[in-house]
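Readers should treat all values here as calculations from the given coordinates under stated rules, not as data from a laboratory. Computed from a predicted model, the values in this text were never measured in an experiment. Because the Cβ atoms are built from the backbone with ideal geometry, glycine has one as well, and the counts that use them run over all protein chains shown.
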Amino acid sequence: MKALSLNKYISLLLIGVFAVVLSVTAQTEKVEEDEVTKAERLKYEDIDYKKYFPLIKPSFDTRIDDPVLQDLKKIRQYQPFEVSPIFQISEYYFQRIDEFDVLREYHAIHSTCDSALQYINEFQARLDEKEVKKKGKRYYMEFLKFPANAGTIDEKVSLLHINKELERRKEVLALQKSEVDSIYMNFKASINEYLIANEIFRDVCGTYSTIKDLYIMAENDSLFPKLATMKMHYEKSLEYFALYKAAATVHPFDGYSQEYTIKPIENYRIHGLTRTSFLTMEIDLWDYAKWHDDVLAYYQAEIVNMRLLVDSYDSELDQIIQQKQATSSPSEDRFYLDSRKIGKIKKYDPSAYPVEIFKYKEQKVNLLNQIAYSNIQFNGNKVDLKYIRSQAEVWTESLKASKALNNIHTSSADIGYIKHANFYKMKYNDNLSSYINYEKQFIADQTVQSEKLLKELVVTYFSKVPVEKAEFIPYKKDSISVTPVSDKNLFGKRKYTTMYVRPNKNNHKLLIGTINNEKEFGVFVADLDSAQKITWVKTFNYNRKEYQGIPTIDIPSIRIKNGMLHVLMAVQGIKTDAVDMTLGSKVGVVKIASGEIVHEQPISGALYPRTLNFLQEQKSYLIAYKGKSKNNIQHYDTLSIQNVRMDGELIWNAKFMMKGIINDIIGMPSSYILVANVNKLATLDGKATLTATSETFGQFNTALLKLDAFGKPLDATILKSSTPYEATFALTDFDNTINIIGVKGAYAPNADFSNRDVILVTLKANNLKVVEKNIQ
């Protein structure tokens, strides 16, 4: 118990000591604080304010500095009965308002205005008539010089004078705070609005790489509402800047007398992208409003009209197609798109997808026109050459239309499609593929129909297979084969063996062939009527007794022009007084209407004649020779082309080297074009050479050699293909177009073309450029 009391005693003693220490420390601090305060109080209590005041304000517009402000506040504290120091403190803050940067020290101006107003209110609350009368002359005479009393003639200051200036200052402070808000907020708003306009413009430039892209995508992207927003923000920026400048006249400050210059946007994606600083004296602003107006005006004047043109021209082409489908009369001229309209469309969209549709419709118009023309050419005789060529042109136009269809883009995700999305939606129900599929079926039907007809012609007239069973018609004591037969047909070998069948007028047929039996040896031409009766027969006879053994006779080529049949015939054998093979060739001319033989012209040459063409204006023959005999065709040897008058005079002779088979020589108004199935064709010196894909004989490609009026080569080309093919005949109507028709596959002396695909190549005669083809 005693121990516990002792511990308690010791604890209380320690607590007491600690309390004494704290008390002493506190007393020491209080003494130190009082000494500082006392020194300050003694200083400012002893200041004679009457003497100090002239130091503060020697004149009414003297600026009060910071040390004086601190003195004034201490005087106010320690000489509380002095009222004037309160006004002087407010004067300090009032004088400082214009010293702040209104944009960077916006809140400091507010605070300074509040402080000035606080001390003005305090001064005004404590000021009375007694103070003014007692100390007016000493402290308040300056009020007579302040703006509120400027111009007064009063010599004594009154409370009214003072209150008048104080109220003026209150109004100034209120206006200052208001206009400082306006300056700051309008300046900030001007910057923000301009930056928004700038960002919109930059975004537009980032989206559309060219101004053409902008114009063409504006409709689909609803761009102009966005550009209108850009213009609105730009114009707001100018409005806020004007408000900022107006407010700045109320609160002028150094360093912020900005003026702006509006710069035009003349080059898209070069001008208008840069941002600008509003803190420089000269501000450059891009004129987004005018750019918007210019772009919109141009869009409405040009792009809207272009889109209307796309719609109207598509409808116009549809009307032309409907007219073609409704009439059976073809037009003489080929239809072409209006290049002026296409140019206007592609001016703004170089890859304009609708133009692809227009190009197809152009081809469809020409196809329909060619079908109508072919129907007129058809006189019931499918083997008429004009009808054949018209069908070749139908096929050509079908291929061109098919190619045009395949060029049309149908994916709605393609940017080119999106550029004209409204056009596709309005004109094609946003389902272009359906329209394309329908048109493809129409074109396919026309292509198949023409191809089938041309295939029949090729098979009928150019197949070389022996005919095992042939129809014969009686002629005197012999018979004539209606169907062409090969020399290998033993039954037909004694007969009049037909080699060519050609249509004649009034459903008649011309039969051209050879006679090679014991009684006769030569060439015959017969006319067969629709009842399969011979109306006339004419023969070109040779004397078989002049030859040792059995000579061969052949008809390498025939040509029908202007009612005349020109027959190129060749006899080869060893004459009775010779030991070497001789070649006798001539051209016979028959008037088809009557069967009258009007001309026979021997032709000379060591090479075997292969093809013939009659030049009506020159009254001469183009004849191509190659090889020593009929079957000597596989070698790479001399090709001779002669222009021979009907009287036998040689006009010119051109020579080349060739491995292949002559197909035709086409006479154009001022040139000649050789068409041949070749492996190789070259000049005699070998400096200019055309080679096919393969040099194996029979693996042919078609070569074209163009000669001038004197037989000099002008141009040449070879229509190469990885798949060999054989041109069977070439057609032209002197309209700068050549149609080559043939079959795919390697050449064979005896070949049935019925199981081979037909080929068609259409070229321009002036430059030998391919217009259309169905081979690769």
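Listed values, structure above:
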read-out	value
Extension gain from L684 to D529, taking 0.36 nm per residue of separation minus the Cα-Cα distance	50.9 nm
Label-point separation in nm, I262 to V36, each point 7 Å along Cα→Cβ	6.3
P(r) histogram, all alpha-carbon pairs of segment 387-526 included - 5 Å bins from 0, percent	2, 8, 13, 13, 10, 8, 7, 7, 6, 5, 5, 5, 4, 3, 2, 1, 0
Per-selection Kirkwood Rh - segment 186-294 (Cα, Å, 1 d.p.)	14.7
Efficiency of FRET between Q776 and A746 - r from beta-carbon atoms, R0 22 angstrom, step 0.05	0.85
Label assignment, P(r) over Cα pairs in 20 Å bins from 0, in percent derived from the structure, set (1) 14, 35, 28, 17, 5, 0; (2) 12, 25, 16, 12, 10, 9, 9, 6, 1; (3) 16, 52, 29, 3, 0	(2)
Cα centre as origin, Lys/Arg/Asp/Glu Cβ charges: the chain dipole, Debye	3860
Built amide H within the under 5 Å cut-off of T535, gap 5+	D527, L528, D529
Which of E40, E155 has the fewest Cβ neighbours within 10 Å, and the rest in rising order	E155, E40
Entries in K630/K706; K495/K744; K403/K464; K188/K226 that, when Cα-Cα distance is taken, lie over 27 Å	K495/K744; K403/K464
Relative packing of 285-298, 348-361, which averages over residues the other C-beta atoms within 10 Å, highest first	348-361, 285-298
Relative contact order (%) - criterion: Cα under 8 Å, at least six apart; region: segment 153-304	28
Theoretical FRET efficiency, 1/(1+(r/R0)^6), r = Cβ-Cβ of L195 and E235, R0 22 Å, to 0.05	0.95
Note, ³J(HN,Hα) from phi for segment 356-362, Karplus 6.51, -1.76, 1.60, rounded to Hz, x at Gly and Pro	4, 5, 4, 5, 5, 5, 4
Two-site FRET efficiency, S328 against Q618, from Cβ-Cβ distance with R₀ of 41 Å, rounded to 0.05	0.60
Eligible lysines near K156 by straight Cα distance, threshold 26 Å, same-chain separation 8 or greater	K50, K51, K57, K130, K133, K134, K135, K137, K145, K164, K170
Inter-probe distance in nm under a simple model that places probes 7 Å from Cα toward Cβ, at N163 and K477	16.3
Rounded tilt (10° steps) of 385-406 against the dominant C-alpha axis of the chain	20
Isotropic mean projected area of the C-alpha convex hull, segment 710-757 (nm²)	5.2
Centre separation in Å (Cα based) which lies between segment 51-118 and segment 194-231	55
Under the Karplus curve 6.51 cos²θ - 1.76 cosθ + 1.60, θ = phi - 60°, whole-Hz ³J(HN,Hα) for segment 760-770, x wherever Gly or Pro sits	9, 10, 10, 10, 8, 5, 6, 10, 6, 8, 6
Karplus (6.51, -1.76, 1.60) ³J(HN,Hα), θ = phi - 60°, over segment 684-701, in Hz, Gly and Pro reported as x	4, 7, x, 6, 10, 9, 10, 10, 7, 4, 10, 9, 6, 4, x, 8, 7, 10
Inter-label distance, nm, simple model (7 Å from Cα along the C-beta direction), S277/Y636	8.0
Positive dipole terminus of the chain, leading residue within G136, T728, L175 (C-beta point charges)	T728
Surface/4 of the Cα convex hull for segment 571-714, nm²	10.5
All aspartates and glutamates inside 14 Å of K74 as judged from Cα atoms, apart from same-chain residues fewer than 8 positions distant	E40, E45, D46, D48, D66, E82
Interchain or long-range residues, amide H under 5 Å from G745's placed H	Y725, E726
Magnitude of the charge dipole, segment 49-182, Cβ model with Lys/Arg +1 and Asp/Glu -1, debye to 20	780
Degrees between helix 223-250 axis and first principal axis of the chain (Cα, 0 to 90, nearest 10)	20
Rounded to the nearest 20 debye, dipole of segment 304-459 from Cβ charges on Lys, Arg, Asp, Glu	280
Length added when fully stretched, R645-E518, from 0.36 nm per residue minus Cα-Cα	42.3 nm
Farthest positive-ward along the chain dipole, Cα basis, beta-carbon charges - from L405, Q441, L719	L719
Placed amide H near T611: partners under 5 Å, 5+ positions off or other chain	A624
Angle between the chain longest axis and helix 211-221 axis [Cα atoms, degrees, rounded to 10]	80
